1. Modelled with pLDDT under 95 and not charged (D, E, K, R), is that true of residue 13?
2. Check every one of the helices (runs of 4 or more DSSP H) wholly within segment 1-91 and list those with 3 or more residues that are surrounded by 10 or more Cβ atoms within 10 Å (Cβ to Cβ), out of contact with any helix residue (DSSP H, G or I) (no Cβ under 9 Å at 6 or more places or on another chain) and aliphatic (A, V, I, L, M).
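The values are calculated or read from the model by the stated rules, or taken from the named source; none is laboratory data. No experiment lies behind these values; they were computed from the predicted model shown. FYI the Cβ positions are ideal-geometry reconstructions off the backbone, even for glycines, and counts take in every protein chain you see.
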Amino acid sequence: MSPSKNSSDDEALAKELVASYEKIKEQVHQVIVGQEKVLEQRELLMKESQSEMQDADLAEIVTRLQSLMVSRDAAQKAFSMIGQQSLFDFIR
């Protein structure tokens, strides 16, 4: 191989490496921009959720929870009573 051919091969390889580097750099930039947008959206959702929790009426939440627990207990009691009945109880 002649020195000029090696030099031109090296230059071509260097240009190819630079082009690849620039392409990867652009792809990484796009990923970073995309992730920043996702993080901004998540931050907004978190702030909205936090605001909703802070604005929640604690008394209303406790009342709703108690109501749900009473409903659950009633359903469990009805289920256990039905399960204890025998065929003769159904015939009466």
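1. yes
2. Values: elements: 3-55, 58-84, 87-91.
Output list reads 3-55, 58-84.
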